[in-house]
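J.: The structure that follows is given in the form of structure tokens.
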Amino acid sequence: MPTLTRITIPQVDLNICNKNNAVEVPILASRIATSGASPNIIRHITFDLTGTPLEGRFRAGQSIGVLPPGTDEKGKPNAMRLYSISSPSTGEDGAGRHHSTTVKRVIAEHWNTQQLFTGLCSNYLSSLRPGDTVKVAGPSGKRFLLPENLHDFNYVFFATGTGIAPFRGMIMDLMQAGFKGNIALIFGSPYRTDLLYERYFLELAAENAGFHYLPTISREDPRPDGSRPYVQCQLIDRADLLDPMLRQDNTLIYICGLKGMETGIIKGLIHQNHTDYLRIKNPAALTQLPDEDLKKSVKPGDRMFLEVY
């Protein structure tokens, strides 16, 4: 693999359609993405963009906008929600007509009021069936992308929950391009039943020596000291694999999932002396900073890409 010289960010289409000129497209497919025993409902939903301005315009790592019908409490049209594309840049069909996303039904209880809370757009999308139509817009996002010169790098992907969505598409792009470097996918989930797209990743790991799949089950697989394993723990527990990758100056880190996960990863990188991936204001104080101050003092460097929600 060549050493890192320059990351060439691809030029991508942005906001061809927005909330004011969204296009109505049919749902092509909607299937459960978890195992049958999972307490969560997560669906892989495919849109048919055939014949619309959005056909062939999405790149893996970008997002699609969904406009749920109805109005909010102020009587205004419901706001557009963004969902990461989980299909490769060529789409599920290989021609950019069919693109997918990964949606978790949000059904929860308010901590204080004990009232049921349901996510408006996630439940709307999850209830649609093949043939139903939905208004969509996009593409959105220009930074959380594979570089144009993708063969020049190795990749370490950190995901939690539906944050796996863009990495499914990116990894498919890499495989379709005949990528020969190293990829480590670190995927965190509370339970094994919520490991999304696991069959694909397991088969890929079995067939490709350079692809490393590291599922991290926080509530089922305690570490030797009894602590819960989270994605950042793999930086220590699998240092045999990750340290050599991260020491190379042509490795890129991508992080996608719940907001706050980046703090643990940053701490893990500091612990393992991989600070080249970070912009650090005060190196001398790093080991003493509380999490909130750490967020202010340490930012992602040029080789780290972050997408949290």
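J.: Out of the residues in region 285-294 that are in a helix (DSSP H, G or I) and farther than 13 Å from GLU262 by Cα, state the one that is modelled with the highest pLDDT.
T.: Here the residue is ASP293.
J.: Specify which of the listed residues (PRO229, PRO224) is touching a Pro at 6+ places or on another chain (Cβ under 9 Å) and either in the same structural domain as GLN176 (by the TED database) or within 20 Å of HIS151 (Cβ to Cβ) (or both).
T.: Residue meeting the stated conditions: PRO229.
J.: Do you know which of the residues in region 190-219 that are open to solvent by 60 Å² or more (accessible area, probe 1.4 Å) and farther than 22 Å from LEU258 by Cβ is nearest to the chain's Cα centre (by Cα)?
T.: So the residue we want is TYR200.
J.: Okay, next question. Collect the residues in region 131-151 that are open to solvent by 30 Å² or more (accessible area, probe 1.4 Å) and either of a type in the set (Lys, Arg) or in contact with a Lys or Arg (Cβ under 7 Å, 6 or more places away or on another chain) (or both), keeping them in residue-number order.
T.: Selection gives LYS135, LYS142, ARG143.
J.: Looking only at residues in region 43-52 that are touching a strand residue (DSSP E or B) at 6+ places or on another chain (Cβ under 6 Å) and of a type outside the set (S, T, N, Q), which one is surrounded by the most Cβ atoms within 10 Å (Cβ to Cβ)?
T.: Among them, the one singled out is PHE47.
J.: Filter region 220-232 down to the residues that are open to solvent by less than 60 Å² (accessible area, probe 1.4 Å) and out of contact with any strand residue (DSSP E or B) (no Cβ under 7 Å at 6 or more places or on another chain), then identify the one that is nearest to ILE164 (Cα to Cα).
T.: GLN232
J.: Next up: For region 64-101, enumerate the residues that are in a strand (DSSP E or B) and either open to solvent by 30 Å² or more (accessible area, probe 1.4 Å) or under 17 Å from GLY119 (Cβ atoms) (or both).
T.: ILE64, GLY65, VAL66, LEU67, THR71, PRO77, ARG81, LEU82, TYR83, SER84, HIS98, THR101
J.: Something else: With respect to the numbered conditions (1) open to solvent by 40 Å² or more (accessible area, probe 1.4 Å); (2) under 22 Å from the mean Cα position of the chain (by Cα); (3) within 24 Å of GLY119 (Cβ to Cβ), which one is the sole condition not fulfilled by THR34?
T.: Here THR34 clears every test but (1).
J.: Working carefully through the options GLN248, GLN234, GLN272, find the one that is more than 29 Å from SER140 (Cα to Cα), touching an Asp or Glu at 6+ places or on another chain (Cβ under 7 Å) and not β-branched (Val, Ile, Thr).
T.: Answer to the check: GLN272.
J.: Let me ask something additional. Among the candidates ILE41, ILE27, which residue alone is under 20 Å from the mean Cα position of the chain (by Cα) and assigned by the TED database to the domain that holds HIS99?
T.: Just a single option satisfies the conditions, and that option is ILE41.
Let's see how each residue does on (1) acidic (Asp, Glu); (2) closer than 16 Å to LEU235 by Cβ; (3) open to solvent by less than 40 Å² (accessible area, probe 1.4 Å); (4) assigned to a helix (DSSP H, G or I):
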| position | (1), (2), (3), (4) |
| --- | --- |
| CYS256 | no, no, yes, no |
| ILE266 | no, yes, yes, yes |
| ASP276 | yes, yes, no, yes |
| ARG279 | no, no, no, no |
| LYS296 | no, no, no, yes |
| PHE305 | no, no, yes, no |
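J.: While we're here: Among what's in region 178-215 and is at pLDDT below 95 and of a type in the set (S, T, N, Q), pick the residue that is farthest from ILE253 (Cα to Cα).
T.: By that ranking, first place goes to THR193.
J.: Quickly run through region 102-130 and pick out the residues that are touching a Leu at 6+ places or on another chain (Cβ under 8 Å) and either within 17 Å of GLY163 (Cα to Cα) or open to solvent by less than 50 Å² (accessible area, probe 1.4 Å) (or both).
T.: Those that are touching a Leu at 6+ places or on another chain (Cβ under 8 Å) and either within 17 Å of GLY163 (Cα to Cα) or open to solvent by less than 50 Å² (accessible area, probe 1.4 Å) (or both): THR102, VAL103, ALA108.
J.: Return the pairs, sorted by first residue and then second, in which the second residue is assigned to a helix (DSSP H, G or I) and modelled with pLDDT under 95, the first residue lies in region 160-183 and is open to solvent by 10 Å² or more (accessible area, probe 1.4 Å), the beta carbons are less than 6 Å apart, and the residues are 6+ apart or on different chains.
T.: Note: pairs meeting the criteria are THR160/MET261.
J.: With the requirement that a residue be outside any strand (DSSP E or B) and touching a Phe, Trp or Tyr at 6+ places or on another chain (Cβ under 8 Å), what does region 14-42 give you?
T.: Selection gives ALA33, SER38, PRO39.
Listed here are the residues, each with its yes/no results for (1) modelled with pLDDT of 95 or more; (2) of a type in the set (Phe, Trp, Tyr); (3) in contact with a helix residue (DSSP H, G or I) (Cβ under 8 Å, 6 or more places away or on another chain).
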residue	(1), (2), (3)
PRO88	yes, no, yes
GLU92	yes, no, no
ARG105	no, no, yes
GLN115	no, no, no
LEU120	no, no, no
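The values are calculated or read from the model by the stated rules, or taken from the named source; none is laboratory data. Please read all numbers here as calculations on a predicted model, not as lab measurements. When we count neighbours, we look across all protein chains shown, and the Cβ atoms used for this are built from the backbone with ideal geometry, even at glycine. Side chains included, ligands, DNA and RNA excluded: accessible areas come from the protein's heavy atoms. Shrake-Rupley method; radii C 1.70, N 1.55, O 1.52, S 1.80 Å.
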